[in-house]
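No value in this document is a laboratory result; all are computed from the given coordinates. All values reported here derive from a predicted model rather than from experimental measurement. Note: ideal-geometry Cβ built from the backbone for every residue, glycine included; neighbour counts use all protein chains shown.
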Amino acid sequence: MKSPWRIRADSRRAPEPASLRVQGLCVDYGSIRALADVSFELHPGEFMGVLGANGAGKSTLLKAISGLVPPTAGTIKLGELSLPDLAPHDVAAAGIAHVPERRRVFPSLSVVDNLTLGGYTTLPDVARRELLDDVFSLFPKLAQRRTQLAGSLSGGEQQMLAVGRALMLRPRLLMLDEPSLGLAPVVVEEMFDRLDQIHRQLDASILLIEQNATRALEVIERAVVLTTGQVSATGTREEVMGSEYLRQAYFGR
């Protein structure tokens, strides 16, 4: 059945797609090196997964791209734009939406207010209203709870809200950190179905961190595997599934 989600890029002035290029990226927390010489490229419109065990540096990678932690060395570019040269709010204004681990919604604000804040950077009022309609079509439960405080929502509904808030930016790069964390299996399936739908219908690249490697590998096109802050494998999902590290870390063989 055709999705009711409408893409009106003309009214939203969607930014041009661009490649994300990470080259020789290092990030230190004091004397601890969290990322060491990480390099990969995410092509326009591509769905890529970042896989690895806890402590591998996955969340640090997204924070470095968002400008939340400074690189010690290396470059991060979206097209010709050097992201470490920008403040975090300017990274968002450039079209990079980051859905953090554990959702981080504004609990004392309503669903509508949380979503509206996601599109604060550059969108005119008419585009923001249209995007609200689209998010409510994608996540009907949010439409039913539009006036409810975000803090009163279930964990799954808060995760939908966090993703919807990111979509209000009309991003050209959508980054998600563990969107299935702490969710019931049926909600996990719904979330991954929506992410697949977003990939098919939104002209944006997606970078997904996910511990549920089996489910992630069903929707991503390529993956980069991190081991203690370093890239241990990269390639298509078929190539990465054949990597020795991934088999040992996730499947015990």
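Structure above, values below:
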{"item": "Check: the chain dipole with +1 on Lys, Arg Cβ and -1 on Asp, Glu Cβ, in debye", "result": "500"}
{"item": "Mean-position separation - Cα centroids, the range 27-89 and the range 137-189, in angstrom", "result": "24"}
{"item": "Estimated inter-spin distance, Asp196 and Arg104, nm [label 7 Å along Cα→Cβ]", "result": "2.9"}
{"item": "FRET efficiency, Asn54 to Gln144 (Cβ-Cβ, R0 30 Å, nearest 0.05)", "result": "0.30"}
{"item": "Signed unit charges on C-beta, dipole axis of the range 105-211, positive-most listed residue Ile209, Val112, Val186", "result": "Val112"}
{"item": "Cut-off under 5 Å, modelled amide H: who pairs with Ser19 long-range", "result": "Gly79"}
{"item": "Helix 185-201 axis, angle to the chain major axis (alpha carbon atoms, nearest 10°)", "result": "90"}
{"item": "Estimated 222 nm signal from helices in the chain, with DSSP H stretches of n ≥ 4 weighted -39500 (n - 2.57), rounded to 500", "result": "-10000 deg cm²/dmol"}
{"item": "Karplus (6.51, -1.76, 1.60) ³J(HN,Hα), θ = phi - 60°, over the range 168-174, in Hz, Gly and Pro reported as x", "result": "5, 6, 6, x, 9, 9, 10"}
{"item": "Rounded to 10°, Cα long-axis angle of helix 125-138 versus longest principal axis of the chain", "result": "70"}
{"item": "Amide H contacts of Ser232 (H built 1.01 Å from N, under 5 Å, at least 5 apart or other chain)", "result": "Val225, Leu226, Thr227"}
{"item": "Separation of the Ala73 and Cys26 label points, Cα + 7 Å toward Cβ, nm", "result": "0.3"}
{"item": "For the chain, the longest site-free run once GluC sites (Glu not before Pro) in DSSP loop states with at most 11 other Cβ atoms within 10 Å are removed", "result": "81-217"}
{"item": "The chain - Rg and Dmax from Cα coordinates, angstrom", "result": "17.6, 53"}
{"item": "Under-5 Å amide H pairs with Met175, H placed in peptide plane, nonlocal only", "result": "Ala97, His98, Val99, Leu207"}
{"item": "Relative exposure of Leu161, Leu149, judged by other C-beta atoms within 10 Å (fewest first)", "result": "Leu149, Leu161"}
